[in-house]
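J.: Here's a structure for you.
The values are calculated or read from the model by the stated rules, or taken from the named source; none is laboratory data. Values in this document were obtained by computation on a predicted structure and should not be read as measured data. We place every Cβ from the backbone using ideal geometry, glycine too, and count neighbours over all the protein chains shown.
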Amino acid sequence: MTSTFRQLRYIPLFIMGFSTSYNAAAQTSTSPELLDILVEKQILTESQAEEIRQAEKERRSVNNAVVDIGSGGLKVKSADGRSSFQFGGRLHADAAVHDHEELAGQQDGIDGTQIRRARLYAKGDIGKQWSYLIEADFAGNKTSLKDATLGYHFSGLPLTVTVGNQKQAVSMEIEESSNDIPFIERSLVAGITTPYFDRAIGITAASGGDNWHFKTGLFGDGVSDGDADEGTGFGLRATYAPIVSRTSLLHVGGSFGLRNTSDDGLANGKSPGFSYKTTNFSDLKPVSASIADMEQVQTGVFELAAMCGPWTFQSEYAVTDVSRETGDDLSFSAYYAQVAYLINGQRRYKASEGEFKYPSINADFNPEQGHWGAVELAARLDHIDLEDGDISGGEADRVTLALNWYLNRNVRMMLDYSHSYELKGGALQNVNGELADDIDTYAMRVQLSF
């Protein structure tokens, strides 16, 4: 061993001596030609040279990361595939106008434009078992944290435990990304699920296979600071697809969520109540119910979805029960059913997560080659009922028609027409003190996701 070290300590001097007669490629201590010369001069044995070759091979394997810049954003992966980093984001630029009679109390819908979402994220893997995700939204000239999670994937098991700010495993529609759903606005079911079961800080356990998905978790409140002890929450969602292939699907599922209010009476940082707006920035709420002394919210959701070639169907029925410190318990409900038809593409379904994804496109938009991307036609009928006991939040029906143009994996154009009708009770009256008439909303979006 001592003689080996004595031999190796002269290698740098030997290399320097050869530098005047060999090119730059031969100057490196691991150049194959140089190692052969060292062996020939008996400065190294063949076994020592082979050790150096293997060490250099391993070094290059570790250091030579694989970089990919494509439709999925910037991806960097170590040569051994054990660690990765991905950077991406989304931009949703919206515009909307309304058509309705003059409403009392200056409640007319706001027409205009909005950067609805401007998000950037970083995610990746650390080794084979750890993963992370950090996503922030810069829309509205302010910064809000969306996802901030650390996950552990159990070796040999289809099980991932995730800690951090994340969605709460309630409702198929909430779990699906806004990049993927076929409408600009989510359904009226979101009016009784999103306020309390969107994102919160907690721990989840999720598993899934070729035709099933299961996720459950315990949660505190969201990332906003509070002045009182937080509330607590629980979520559970399970799905099963007895029929699943690339072009056909039958999906059934259900979820349950529970939310206890905090000591200051807020539920997941929000004032207790339920409502929906015609658009995110319109401030026009056809139904709205504020509830004092709320103690607990329990929501159950049933899901049914299907796919047959270019056709997709998705529906949910939700019931929310509210417990109050004073007054009788309340019960509200909502449902939607939607159908879509895709031309020159195929809607994708991920069974291990129990949700639809952005469609695959037969040919990206390229007029020179006669390719125009994919086009989707969609229709949705939904209903919400916020009338119970001493609460008159109103009832509403709505029909929405959508035209979506998928230019490629990253760019989508969306046009929506929504007609809200059968407005009963609740929040809206016209200037004559009568129940408000129907409301028409025209909206469009330009979407970039990567």
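J.: Condition test on Asp382, is it closer than 14 Å to Leu188 by Cβ and part of a strand (DSSP E or B)?
T.: It is true that Asp382 is closer than 14 Å to Leu188 by Cβ and part of a strand (DSSP E or B).
J.: I'd like the residue in the stretch 147-162 that is more than 15 Å from the chain's Cα centre (by Cα) and assigned to a strand (DSSP E or B) and, out of all such residues, is farthest from Trp130 (Cα to Cα).
T.: Going through the qualifying residues, I end up with Leu159.
J.: Going by the structure shown, is Gly112 surrounded by fewer than 17 Cβ atoms within 10 Å (Cβ to Cβ) and on the phi > 0 side of the Ramachandran plot? Walk me through how you get there before you give the answer.
T.: Values: surrounded by fewer than 17 Cβ atoms within 10 Å (Cβ to Cβ): yes; on the phi > 0 side of the Ramachandran plot: yes.
Taking the combined requirement at face value, the residue satisfies it.
J.: Name the residues in the stretch 313-332 that are buried (at least 19 other Cβ atoms within 10 Å of the Cβ), touching a Ser or Thr at 6+ places or on another chain (Cβ under 7 Å) and either under 10 Å from Ile192 (Cβ atoms) or free of Cβ contacts under 8 Å to residues at least 60 places away in the same chain (or both), would you?
T.: Residues satisfying the conditions are Ala318, Thr320, Phe332.
J.: If I go through the stretch 419-450 residue by residue, how many of them are of a type outside the set (Gly, Ala, Ser) and under 18 Å from Trp405 (Cβ atoms)? Break it down stepwise before answering.
T.: Taking the stretch 419-450 as the starting set, the residues that turn out to be of a type outside the set (Gly, Ala, Ser) are 419, 421-424, 428-432, 434-435, 437-442, 444-448, 450.
In the following step, the residues that additionally are under 18 Å from Trp405 (Cβ atoms) were identified as 442, 444-448, 450.
Of the residues in that region, 7 qualify.
J.: Report, by residue number, each residue of the stretch 116-143 that is in contact with a strand residue (DSSP E or B) (Cβ under 8 Å, 6 or more places away or on another chain), without any contact (Cβ under 8 Å) to a residue 40 or more places away in the chain and either exposed (fewer than 15 other Cβ atoms within 10 Å of the Cβ) or not assigned by TED's automatic domain parsing to the domain that holds Ile201 (or both).
T.: The answer is Gln129, Trp130, Gly140, Thr143.
J.: While we're looking at this one, here's another question. Can you pull out the residues in the stretch 182-197 that are assigned to a loop (DSSP other than H, G, I, E, B) and in contact (Cβ under 8 Å) with a residue 40 or more places away in the chain?
T.: So in the stretch 182-197, the residues assigned to a loop (DSSP other than H, G, I, E, B) come out as 182-189.
Answer for the stretch 182-197, where residues must be assigned to a loop (DSSP other than H, G, I, E, B) and in contact (Cβ under 8 Å) with a residue 40 or more places away in the chain: Pro182, Phe183, Ile184, Glu185, Ser187, Leu188, Val189.
J.: A further question follows. Please go through the stretch 10-37 and give me each residue that is farther than 28 Å from Ala79 by Cα and at pLDDT 80 or above, ordered by number.
T.: Residues of the stretch 10-37 that are farther than 28 Å from Ala79 by Cα, as a first pass: 10-23, 37.
Result: Ile37, single match.
J.: Would the stretch 317-335 turn up any residue that is touching a Lys or Arg at 6+ places or on another chain (Cβ under 7 Å) and among the hydroxyl-bearing types (Ser, Thr, Tyr)?
T.: No, because not a single residue in the stretch 317-335 is touching a Lys or Arg at 6+ places or on another chain (Cβ under 7 Å) and among the hydroxyl-bearing types (Ser, Thr, Tyr).
J.: So which of Glu353, Glu395, Glu368 ends up being at negative phi, in a strand (DSSP E or B) and surrounded by fewer than 23 Cβ atoms within 10 Å (Cβ to Cβ)?
T.: Residue meeting the stated conditions: Glu395.
J.: For the stretch 391-424, which residues satisfy the criterion of being among the small types (Gly, Ala, Ser) and either free of Cβ contacts under 8 Å to residues at least 60 places away in the same chain or out of contact with any strand residue (DSSP E or B) (no Cβ under 8 Å at 6 or more places or on another chain) (or both)?
T.: Residues satisfying the conditions do not exist here.
J.: If you go through the stretch 369-390 one residue at a time, how many are free of Cβ contacts under 8 Å to residues at least 60 places away in the same chain and under 16 Å from Thr278 (Cα atoms)?
T.: Within the stretch 369-390, the first condition is being free of Cβ contacts under 8 Å to residues at least 60 places away in the same chain, and the residues that meet it are 369-375, 377, 379, 381, 385, 387-388.
From what is left, the residues that are under 16 Å from Thr278 (Cα atoms) are 381, 385.
So the count comes out to 2.
J.: Looking at the stretch 100-125, which of its residues are touching a Ser or Thr at 6+ places or on another chain (Cβ under 6 Å) and among the hydrophobic types (A, V, I, L, M, F, W, C)?
T.: Ile110
J.: Within the stretch 398-448, work out how many residues are part of a loop (DSSP other than H, G, I, E, B), within 22 Å of Ile110 (Cβ to Cβ) and either within 25 Å of the chain's Cα centre (by Cα) or modelled with pLDDT of 95 or more (or both).
T.: Going through the stretch 398-448 one residue at a time, the tally reaches 0.
J.: Give the residues of the stretch 96-109 that are surrounded by fewer than 16 Cβ atoms within 10 Å (Cβ to Cβ) and in a strand (DSSP E or B), sorted by residue number.
T.: The answer is Val97, Asp99.
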